[in-house]
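Report on one structure; see the data block that follows.
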Amino acid sequence: MSEPRIALCPGSFDPITVGHEEIVRRALHLCDRVVVAVGHRATQAKRGLFPVEERMELIREVFADEPRVEAAEFQGLLVDFARERGARLVVRGLRTVADYEYEYQMALMNRELMPELETVFLGAGPRWSFVSASLVREIASLGGDVSGFVSPPVLARIEERFGGRGA
Ligand code: PNS
């Protein structure tokens, strides 16, 4: 039997949004398994809205219905993590052209560092092209309603953190 094709969906996922979720589910069409890889530096582990461990728990809850999705964390270079996991594919979502420059630069650099690692971009569905984890964090921290932009387990955790609908 041939080796399973593993794709990495790397990111900060602080927290995972419906936009991320859509990209991960579409990535499953391209491979056998998707590793949702939460990248961080050891010194940053507790910064941001959610600690890395909690971000991974949320990813697991969001994909509880999907045994082909795994949550993992990595420190250091994405290419080193890809080698460790035997992954040859990185999948990233592109929301707007504003994302393109940075994403393309990262993809080229990663290919330079690991030529056998291919990056593919999936255009975010128009429904979610304006959603970002940073805006979700900001809206939630200022008491706004983020229920349209995150899945129920994530919303529940945000409500625990901020109370009510984020207030
Ligand atoms: O959700 P983000 O913040 O856009 O994710 C960025 C991430 C984690 C995918 C990127 O910063 C990354 O791959 N970091 C790991 C370190 C690394 O490999 N840096 C060189 C990239 S060319």
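The values are calculated or read from the model by the stated rules, or taken from the named source; none is laboratory data. The shown structure was predicted, so the numbers you read here are calculated from the model rather than taken from an experiment. Neighbour counts are summed over all protein chains in view; Cβ atoms, including those assigned to glycine, are modelled from backbone coordinates with ideal geometry. Just so you know, the surface numbers come from the protein's heavy atoms only, side chains and all, with ligands and any DNA or RNA stripped out. Shrake-Rupley method; radii C 1.70, N 1.55, O 1.52, S 1.80 Å.
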TODO: Quick one: which residue in 25, 33 is touching a Pro at 6+ places or on another chain (Cβ under 7 Å), away from the ligand (no atom under 14 Å from the Cβ), at negative phi and open to solvent by 20 Å² or more (accessible area, probe 1.4 Å)?
DONE: 33
Task: Options 116, 103; residue that is over 15 Å from residue 22 (Cα atoms) and surrounded by 14 or more Cβ atoms within 10 Å (Cβ to Cβ) - done: 103
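Residues are listed down the side, and each one gets a yes or a no for (1) without any contact (Cβ under 8 Å) to a residue 60 or more places away in the chain; (2) near the ligand (Cβ under 9 Å from one of its atoms); (3) open to solvent by less than 70 Å² (accessible area, probe 1.4 Å):
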{"site": "66", "(1), (2), (3)": "yes, no, yes"}
{"site": "72", "(1), (2), (3)": "yes, no, yes"}
{"site": "76", "(1), (2), (3)": "yes, yes, yes"}
{"site": "89", "(1), (2), (3)": "no, no, yes"}
{"site": "94", "(1), (2), (3)": "yes, no, yes"}
{"site": "111", "(1), (2), (3)": "yes, no, no"}
Open item on the list: Out of everything in the range 61-79 that is of a type in the set (D, E, K, R) and touching a helix residue (DSSP H, G or I) at 6+ places or on another chain (Cβ under 9 Å), what residue ends up being farthest from residue 158 (Cα to Cα)?
Closed with: 68
TODO: Take residue 48 and decide whether it is open to solvent by less than 80 Å² (accessible area, probe 1.4 Å) and within 23 Å of residue 159 (Cα to Cα).
DONE: yes
Task: Sole exception among (1) within 13 Å of the ligand (Cβ to nearest atom); (2) open to solvent by 20 Å² or more (accessible area, probe 1.4 Å); (3) touching a strand residue (DSSP E or B) at 6+ places or on another chain (Cβ under 8 Å) for residue 98, by number - done: (3)
Open item on the list: Looking at the structure I just gave you, is residue 122 hydrophobic (A, V, I, L, M, F, W, C) and assigned to a helix (DSSP H, G or I)?
Closed with: no
